[in-house]
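Colleague: The following block contains the structure, expressed as structure tokens.
Read-outs: derived from the displayed coordinates by stated rules, not from any lab. Just so you know, these numbers come straight off a predicted model, no measurement behind them. Cβ: placed from backbone, ideal geometry, glycine included. Neighbour counts: every protein chain shown.
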């Protein structure tokens, strides 16, 4: 068996400290594959993206990938054996006590009292692109308040789910009537705005406020019913100051024909939007959300590290990147804490992680009930493994801000945003916090789109070729030998094109959705 050399097969070793590798293609049992210093006699059939032991691992020992623990072996594992959920379990537990240590950084065990450093961030992000002659530009829309948008759209934001269909009808009629005068007229239905209490009600108002204030919308029609908790007078208290030329309000119970009245108001908004023209804007004005969904084992090897290089590049130029999906930081949070600029941000990151764990505990749910069935089918076995791949979207730069759900991003650099892993909820949170677009990596594929351009980045070439109606960019080329620097440049240039008006597939297909986080009682 050992003499059957697998010259057509490849095992990827991510970190020299790893004791498992990743199959770059389907590997049958009985072949020997040279992987770095290891000549691996493969003992089981290994599917693409799945793990194979590089050396013997005893029951109870730590399984290492990305140079960090991804769990504990539940059986003795021989070199060459398949490693997955049948012989690997999470090593994570509940709430962890973290201690701030500016002198210490790197991988620590995620149990007991973890000493995590702030990491003084000796990586000078300003030197990441020493050959950049000047800050690149894109063609954006400069608003009257000085903010910049990358689209010149009209958005209909409803205060309550009761007027969802009215909003959709208005958007469809207005789009037809005012075709070509804006970048589009869109409604974003949701089920909330009434019968909510406390934090849920506040969350709805915060997210809707973020959407109303979003600079991709040149004009906004706020559409209400009239009797809801989040009625327009109450919503205005949360919204605060607004430009009456840019934001119009309509209470549908107070007019005879809400469609007719709505079209009149939208006509005014379209005329207002017409005054804005694209002009050169520095890339430092961009706010980009980072998201992954339908992940596979290549997410942490190709697409997420690629997006990480983009995050480092844009933040080095004064832009903002937003990393959310807090439950998919569990198991990798120590790496983020080690990159916090100061103790205040460290403490906020600790609260971000532990508060989300407490949310699980309040609902009597297992904190580490993740990854999803699709993730597991793609080769991800534990939450640590998923998180260590997921957080690579944030690159290597310092954590410059930690944001509450619905809070606007203002601090240049990498910001951590409170939000769940759920794709629609997370994308909505990123949009409401000001993301002009979202870089969305995926290994299995999804057509989901946010209200803002949602760039789908495939982790593997097979997905890219199969779902050309979903996927905008192929990070799978990294597995075919395309250098990271080359693909990083390609992605950066593509983002500038999108920011300047090139439509993503979610826009072409009109895949635009929102979903608001809910925790409590519905009356």
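Colleague: Which residues among the stretch 480-523 fall inside the zone where the amide N is under 19 Å from a point 7 Å beyond the Cα of residue 468, along Cα→Cβ?
Modeller: Inside the label zone: 503-510.
Colleague: Please rank 387, 311, 99, fewest neighbouring Cβ atoms within 10 Å first, as an exposure proxy.
Modeller: Taking fewest neighbouring Cβ atoms as first place, the list is 99, 311, 387.
Colleague: Quick one: Cα centre-to-centre distance for the stretch 1-77 and the stretch 384-444, in angstrom?
Modeller: Distance between centres, Cα-based: 31 Å.
Colleague: If you don't mind, there's one more thing I want to ask. With each label point set 7 Å from Cα along the Cα-Cβ vector, what nm distance links residue 238 and residue 343?
Modeller: For the pair residue 238/residue 343, the computed spacing is 3.6 nm.
Colleague: By counting other Cβ atoms within 10 Å of each Cβ, how are 367, 150 ranked from fewest to most?
Modeller: Fewest-to-most ranking of 367, 150: 367, 150.
Colleague: Relative contact order of the chain: what whole-number percent is it, with Cα pairs under 8 angstrom and at least 6 residues apart?
Modeller: 16 percent
Colleague: Highest mean first, what order results for 284-296, 203-215 on Cβ atoms within 10 Å?
Modeller: Per-residue mean Cβ counts within 10 Å order the peptides as 284-296, 203-215.
Colleague: Now for a different question. Ranked from highest to lowest mean number of other Cβ atoms within 10 Å per residue, what is the order of the peptides 326-336, 461-471?
Modeller: Ranked from most to least packed, the peptides come out as 326-336, 461-471.
Colleague: Using a 10 Å cut-off around each Cβ, can you sort 313, 396, 278 from fewest to most neighbouring Cβ atoms?
Modeller: Lowest count first: 278, 396, 313.
Colleague: Once you order the gyration tensor axes a ≥ b ≥ c over the Cα atoms, which shape class does the stretch 153-275 get: rounded for a/c under 1.5, otherwise prolate or oblate by comparing a/b with b/c?
Modeller: Prolate is the answer for the stretch 153-275, as a/c is 1.5 or above and a/b outweighs b/c.
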